[in-house]
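K.L.:
Just passing along the structure, written as structure tokens.
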Amino acid sequence: MGTPTSTDRRHGDLISANPGTPCHSVYAPRMARPNVEPTPPRLPTELPSHADFRLAGNADLYRLTVQGDFTDANLPEMTVEESRLLHSAFVGADLGRLRLVDVVVEGSDFSGADLQEASFTRVAFSSCRMSGALFGRAHLQDVTFSDSKLDGVSLRMCEGDRVVFDHVNLRGSDLYAAHLTSARFFDCDLYGTDVSQAVLPRARFHGSLLSDIKGGEYLRDIVIESSQVLPLATRVFSALGIGVDDEREAPNS
């Protein structure tokens, strides 16, 4: 009887105990694919509804459906968990350090609101208006913005993982020094957006308008589709001082 074989899984190979004895099978270790899809909000099946709900700074809201007009309200450091915000207005409101966990936000207006240093975890925004809102130094984890207007929004120095912008108007937005891992910008308008010093590893921009984007030379490790090469290359070449001229000799000055 032959000597039995043994396995050494350190390198993913089946190794014979006797040199020269052939192995009957070899397996290749599977590389785990990174999960780039945002985890959706985790909500109970039923939530009590409160129209014209009164809010205050440092409030803690849990398992509620909230509707109301909170324009220009002073609501710093508010926490909302496992809830829905429906058709509410937070225009110009102070929402600094707002904390949202497992929240769905639909048809609400945050235009000009101050959301600096906010923290969002498993949050979905849909059909919302956030024109000119301030998200500086915010932390975004598993967050989706869909069919929303974020033109002129400031995302300066924000950090996040698995953030999706789907059919979003981001014209003139500011992503200076933002660090978003595995972000998705699908079918978005990024005309005039500033991505100077932004770090966007594995970001994908399919279907998005990249004309006149600022700071494109800072983009690394991103994916675009073939139709976006020329618009983005034009801005990158310009920033790097690269000219395109079919004439071999420089014109006389």
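K.L.:
Which length gain, in nm to one decimal place, applies between D60 and H206 when the Cα-Cα distance is subtracted from 0.36 nm times their residue separation? Intermediate results must be reported in sequence, preceding the final value.
P.N.:
On the way: separation 146, 0.36 × 146 = 52.56 nm, distance 3.82 nm.
That pair, D60 and H206, stretches by 48.7 nm at full extension.
K.L.:
Please work out whether segment 49-239 counts as rounded, prolate or oblate from its C-alpha gyration tensor, where a ≥ b ≥ c are the square roots of the eigenvalues and a/c under 1.5 means rounded, while otherwise a/b larger than b/c means prolate and anything else oblate? If you can, show how the numbers build up before the last one.
P.N.:
Values: a/c = 2.17, a/b = 2.14, b/c = 1.01.
Because a/c hits 1.5 or more and a/b exceeds b/c, segment 49-239 counts as prolate.
No value in this document is a laboratory result; all are computed from the given coordinates. Bear in mind that the values here come from a model prediction, so they are computed numbers and not experimental data.
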